[in-house]
Amino acid sequence: MKIREIKPTVDADALLAGAQFADAFGLEVDGHTLDARQATERMVGRAPRWIDALVSLRNILVAPFGLKTSGASATTPRDMIGMFPVISQTPDRLVAGFNDLHLDFRVVVDVATRGAGQQVTATTLVKTHNWLGRTYLAIILLFHRLVVRAMLRQVAA
């Protein structure tokens, strides 16, 4: 199972106009018949403990700044996968994410048939709004590649 960093192929302007950051990682999965929601649930729903610990630390550190710790909202009930609200979904693509004071982000999970298997691609898009968003993104990027790769591994598990 090899996870590769690939060139994002999504229409960033349609999914998050003005996004300043985009990356994508892909994984070939043999013999599966996953749709995009199932792939996303495997990625997000079964994160390794070290990722859960990083998310908990992040939530503690951002609380004083008034940043969201989840996309869940009592006033706007949404379809959620983990902490991410689902924005749109088809069998081949699921878009999740939310907007916050410092930045907006989207996670796009695409599933395409490739021979006897499937290609699962996770694309991240980020649009920052201010110095806090740019600082936050710079810090998160230190861990981002490791986290996305670990989450994609869960799809094949």
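Any read-out appearing in this document is the output of simple, stated calculations on the displayed coordinates, not a laboratory observation. Please read all numbers here as calculations on a predicted model, not as lab measurements. Cβ coordinates were reconstructed from backbone atoms using ideal geometry, including for glycine residues, and neighbour counts include every protein chain displayed.
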Mind ordering 101-108, 19-26 by average Cβ neighbours within 10 Å, highest first?
101-108, 19-26
Label-point gap, in nm, between Asn130 and Leu61 - each point 7 angstrom along Cα→Cβ:
1.9
What angle do you read, to the nearest 10 degrees and between 0 and 90, between the alpha-carbon axis of helix 36-45 and the longest principal axis of the chain?
60
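What dipole magnitude, in Debye to the nearest 20, does the chain give about its Cα centre under +1 on Lys/Arg Cβ and -1 on Asp/Glu Cβ? Walk me through the numbers on the way to the answer.
Values: 18 positive and 14 negative charges, 83 e Å.
Its charge dipole is roughly 400 debye.
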What is the diffusion coefficient of the stretch 88-140 in µm²/s, taking the Kirkwood radius over Cα pairs and the Stokes-Einstein relation at 37 °C with a viscosity of 0.692 mPa s?
262
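If r is the Cβ-Cβ distance from Arg4 to Phe143 and R0 is 25 Å, what FRET efficiency results, to the nearest 0.05? Mind dumping the intermediate values first?
On the way: r = 19 Å, r/R0 = 0.75.
Here the calculated transfer efficiency is 0.85.
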Send over the Kirkwood Rh of the chain, from the inverse of the averaged 1/r over different Cα pairs, rounded to one decimal Å.
16.0
If each of Thr113 and Leu54 carries a label point 7 Å out from its Cα toward its Cβ, how far apart are those two points in nm?
3.5
Alpha carbons only, please: Rg and Dmax for the stretch 115-157, in angstrom.
14.2, 46
Please name which of Thr33, Pro64, Gln89 has its Cα lying farthest along the dipole of the chain towards the positive end, using unit charges on Cβ (Lys, Arg +1; Asp, Glu -1) and the Cα centre as origin.
Pro64
If each part is reduced to its alpha-carbon centroid, the stretch 3-35 and the stretch 91-157 end up apart, in Å, by 8
